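The values are calculated or read from the model by the stated rules, or taken from the named source; none is laboratory data. This is a predicted model, so every value here is computed, not measured. Every residue, glycine among them, receives a Cβ derived from its backbone with ideal geometry; neighbour counts consider all protein chains shown.
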């Protein structure tokens, strides 16, 4: 699976005055991938973005077609980093990637850590309402990876899946079961998610809280 671009972002103001680094732009040449992500990439809100469990973000380019059906020919959809992704790739989505699964990119090794929880910054960035609800309903969330081995990579490198890594839980399965507290999910699935050691602690805790609700 060839990587079309590696992308980083800088702090900037949205039209409504909110400061964010959601817009990512392609990097020319090799880029260092450290424990906290791509060198030069900025996260403005460190409470909800960044850190070792959210070091690298992938939002599949294949989803841009889904968004064109809803937003029309929005100019941001011409940009590979419009949803805050650091790796631009066509050939994966949330149904095909499992929590804890590892990938080699250049000389770095990355591990899938959690789904990406959508927030209102996406709607402010695109200046369109309803995008968060559409992500929650469709499961087109993207995902984060932690950096297991630091290294260096560049556009054109392959993203190589390592065999025999990861849990049985896809990113889409975890997201759809946990992201919305009111969405039905079986106790068995929630227990499996809560016990998944490769999943980021915040999502395991969300699954545990949902499992403890009397209606589950």
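Name the residues in the stretch 35-47 that are surrounded by 13 or more Cβ atoms within 10 Å (Cβ to Cβ) and more than 10 Å from residue 86 (Cα to Cα), would you? Write out each step before concluding.
Taking the stretch 35-47 as the starting set, the residues that turn out to be surrounded by 13 or more Cβ atoms within 10 Å (Cβ to Cβ) are 36-39, 41-45.
Matches in the stretch 35-47: 36, 39, 42, 43, 44, 45.
For the stretch 1-80, list the strands (runs of 3 or more DSSP E) that sit wholly inside it and hold at least 2 residues that are under 15 Å from the mean Cα position of the chain (by Cα); which are they?
On the way: elements: 5-8, 31-34, 56-58.
It comes to 5-8, 56-58.
Going by what's in this entry, would residue 122 be described as within 20 Å of residue 49 (Cβ to Cβ) and without any contact (Cβ under 8 Å) to a residue 40 or more places away in the chain? Explain how you work it out, then say what you get.
Details: within 20 Å of residue 49 (Cβ to Cβ): yes; without any contact (Cβ under 8 Å) to a residue 40 or more places away in the chain: no.
So residue 122 does not fit the description; no.
Is it fair to say residue 135 is crowded, with 20+ Cβ neighbours inside 10 Å and under 24 Å from residue 2 (Cα atoms)?
Working: crowded, with 20+ Cβ neighbours inside 10 Å: yes; under 24 Å from residue 2 (Cα atoms): no.
So residue 135 fails the test.
Go over the candidates 58, 22, 33 one by one and state the one that is under 17 Å from residue 142 (Cα atoms) and at pLDDT 95 or above. Spell out how you get there, then give the answer.
Numbers: 22 fails: at pLDDT 95 or above; 33 fails: under 17 Å from residue 142 (Cα atoms).
Every option except 58 fails the conditions.
Going through the stretch 93-113 one residue at a time, which ones are under 12 Å from the mean Cα position of the chain (by Cα) and either modelled with pLDDT under 95 or assigned to a loop (DSSP other than H, G, I, E, B) (or both)?
Listed by number, the residues that qualify are 93, 94, 97, 99.
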